[in-house]
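K.L.:
One structure is given below, represented as structure tokens, and several questions about it will come after.
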Amino acid sequence: MVRRISSYRYRIDNMKKHAIIPIFIPHKGCPHNCIFCNQKKITARIKAVSGQDVENTIETWLSTLEHMDLETIEVAFYGGSFTAIPMEDQCGYLEIAKRYKDAGRIDKIHMSTRPDYINKEILDNLHRYDVDTIELGVQSFDDEVLRLSERGHDSACVYKSSQLIKDYGFELGIQLMIGLPGDSLETCIYSAEETVKIAPSIARLYPTIVIEDTELYEQYRHGEYQPLSQDEAVSRTKEMYKILDDAGINIIRVGLKSSDIINENGDIDGGTFHPAFRQLVEGEIARDSIVDQIKELKLASRGSDKPVKVDIYSNPKGFSNMIGNSGRNKQYFLENYPWLDILYRVNDALDDGEYIVKIKNEREQ
């Protein structure tokens with residue numbers, strides 16, 4: 001069996017075809033205080049984003065992006081609750097983005113928000129400003145996980161808002177978190193399966209990170225919450241990734257970047273943060289595919305004292321996933337299959353996320 005996984009990256013530095021101009025809008029409109037979020041607590045210490053700030057940010061990015069061979073340039077309003085800020089402010093920000101879109105200097109307008117701040121009035125306004133993509137911070141489809149996380153809405157709200165967004169013709173995105181209070185492998189898989197039923201175009205998978213100035217940090221400090229280990233976070237995320245990817249959903253982000261963690265001191269507790277978390281996940285998926293093939297080829301146990309020469313192939317993009325972050329897959333196969341003499345090779349003809357195990361015949365050896 002050969003498992004194919006999507007290796008598309010939603011960043012400038014990989015495929016160099018799709019670029020995002022990120023604009024962070026503080027949580028001044030969000031009335032909730034989710035236990036994992038510290039943005040609301042530091043919003044009072046962040047200068048409000050003006051229209052001029054938005055324009056300056058776009059111009060700064062475009063000064064570089066317009067000289068690159070890009071298919072799509074997107075302005076994205078982040079901060080989690082764009083449609084919860086006052087309508088006047090929404091319109092002010094969107095008017096600027098639309099001006100650049102109408103001029104042909106950007107191609108898309110993108111935002112993230114909460115499921116309970118989607119209704120027809122809001123969507124009519126977003127449609128008026130030619131918005132393309134709306135991502136919903138869903139986090140989980142399990143109502144108990146949502147309650148313990150103090151999200152302020154239930155899963156029914158997610159289904160309703162998702163359908164409204166799709167009915168209006170917007171591209172829908174779903175963001176899920178792994179390892180929130182009350183979460184388990186089963187609830188993670190359930191969330192992934194429910195996401196497939198909704199059929200968004202894009203998705204993000206975020207392991208829960210404990211950062212200071214949050215209620216979750218206080219629970220962690222008092223022993224009331226135990227964060228996932230890195231291995232468990234990777235294992236759960238991997239299973240969700242496979243479900244979404246098999247359904248053809250474009251997974252545009254796996255794990256947070258350090259710059260995504262809005263914390264002035266950069267303090268992180270627990271073990272789930274890793275700067276290459278996506279590669280950890282995709283590397284494990286690659287390893288699973290290779291192990292399956294080793295078993296199918298009846299190489300999983302030593303057949304003789306003579307080493308068996310084996311080639312394992314990926315395309316150039318998949319090579320780092322094949323050997324694993326910091327070579328961890330190579331080390332895994334060395335420790336678990338010491339009778340295999342493995343050579344890791346590149347085959348340009350293979351699809352992204354495709355891995356092939358081949359036994360060398362006598363002539364090739």
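The values are calculated or read from the model by the stated rules, or taken from the named source; none is laboratory data. Note that the structure is a prediction, hence the values are computed from the model and not measured. In this analysis, Cβ positions are derived from the backbone assuming ideal geometry, glycine residues included, and neighbour counts consider all displayed protein chains. All accessible areas refer to the heavy atoms of the entire protein, side chains included, with ligands and DNA or RNA removed. Shrake-Rupley method; radii C 1.70, N 1.55, O 1.52, S 1.80 Å.
K.L.:
Quick one: Karplus J couplings for the range 106-123, per residue in order, coefficients 6.51, -1.76, 1.60, θ = phi - 60°, nearest Hz, x for Gly and Pro?
P.N.:
Once rounded to whole Hz, the list reads 10, 10, 9, 10, 9, 8, 10, 7, 9, x, 8, 10, 10, 8, 5, 4, 5, 5.
K.L.:
Also, quick follow-up: With label points built 7 Å along Cα→Cβ from the Cα atoms of Arg221 and Arg105, find their separation and express it in nm.
P.N.:
It is 4.5 nm.
K.L.:
Keeping all protein chains in place, calculate the accessible area per residue for the chain (probe 1.4 angstrom), answer in Å². Numbers along the way, then the final one.
P.N.:
Details: 16680 Å² over 365 residues.
Roughly 46 Å² per residue, with all protein chains present.
K.L.:
Say the dipole of the chain comes from +1 at the beta carbon of Lys and Arg and -1 at that of Asp and Glu; which of Leu180, Gln331, Ser149 then lies farthest toward its positive end?
P.N.:
Gln331
K.L.:
Highest mean first, how do 121-127, 59-65 rank when packing is the count of other Cβ atoms within 10 Å averaged over residues? Mind showing how you got there, number by number?
P.N.:
Values: 121-127: 15.7, 59-65: 13.6.
For the peptides 121-127, 59-65, the packing ranking is 121-127, 59-65.
K.L.:
As an exercise, identify the chymotrypsin sites (Phe, Trp or Tyr not before Pro) in the range 310-365 lying in DSSP coil whose Cβ has no more than 15 other Cβ atoms within 10 Å. Show your work: numbers first, answer last.
P.N.:
Numbers: sites: Tyr313, Phe319, Tyr332, Phe333, Trp339, Tyr344, Tyr355; in loops: Trp339, Tyr355.
Listed in order of number, the matching sites are Trp339.
K.L.:
Out of the GluC sites (Glu not before Pro) in the range 298-365, which ones are loop residues according to DSSP with at most 15 other C-beta atoms within 10 Å?
P.N.:
Hits after loop and neighbour filter: Glu362, Glu364.
K.L.:
Can you give me the % of accessible surface on the chain that is carbon or sulfur? Probe 1.4 Å, all protein chains present, nothing else counted. Walk me through the numbers on the way to the answer.
P.N.:
Working: 7700 of 16680 Å².
Heavy-atom surface of the chain belonging to carbon and sulfur, 1.4 Å probe: 46 percent.
K.L.:
Please compute the Kirkwood hydrodynamic radius of the chain from all pairs of different C-alpha atoms, in Å with one decimal.
P.N.:
Across the chain, the inverse of the average 1/r is 22.2 Å.
K.L.:
Something else: Give me the number: length gained by fully extending Arg147 to Ala300, i.e. 0.36 nm times residue separation minus the C-alpha to C-alpha distance, one decimal in nm. Write down the numbers at each step before the final one.
P.N.:
Numbers: separation 153, 0.36 × 153 = 55.08 nm, distance 4.52 nm.
Separation in residues times 0.36 nm, less the Cα-Cα distance, equals 50.6 nm.
K.L.:
Given the DSSP H assignment, sum -39500 (n - 2.57) over each helix run of at least 4 residues in the chain and divide by its residue total; what's the result at 222 nm in deg cm²/dmol, nearest 500? Working shown, then result.
P.N.:
Numbers: 12 runs with 136 residues, N = 365.
It comes out at -11500 deg cm²/dmol, rounded to the nearest 500.
K.L.:
Still on this structure: With +1 assigned to the C-beta of every Lys and Arg and -1 to the C-beta of every Asp and Glu, and no other charges, what is the dipole magnitude of the range 28-159 about the Cα centre in debye, to the nearest 20? Each step should come with its number before you reach the end.
P.N.:
On the way: 15 positive and 23 negative charges, 113 e Å.
Dipole magnitude for the range 28-159 comes out near 540 debye.
K.L.:
Separate question: Setting aside same-chain residues fewer than 8 positions from Lys306, which aspartates and glutamates have a Cα under 14 Å from its Cα?
P.N.:
Partners found: Asp341, Glu362.
K.L.:
Further, regarding this structure: Charges only on Cβ, +1 for Lys and Arg, -1 for Asp and Glu: so what's the dipole of the chain about the Cα centre, in debye to the nearest 20? Write out the running numbers ahead of the final one.
P.N.:
Details: 45 positive and 59 negative charges, 187 e Å.
For this selection, approximately 900 debye.
K.L.:
If contacts are Cα pairs under 8 angstrom and at least 6 residues apart, what is the relative contact order of the chain in percent? All intermediate terms of the calculation are to be shown ahead of the outcome.
P.N.:
Details: 630 pairs, mean separation 60.2, N = 365.
Here the relative contact order equals 16 percent.
K.L.:
How much length, in nm to one decimal, is gained on full extension between Lys360 and Ser184, taken as 0.36 nm per residue of separation minus their Cα-Cα distance? Kindly include the intermediate steps, with their values, before the conclusion.
P.N.:
Numbers: separation 176, 0.36 × 176 = 63.36 nm, distance 4.24 nm.
This chain segment gains 59.1 nm when fully extended.
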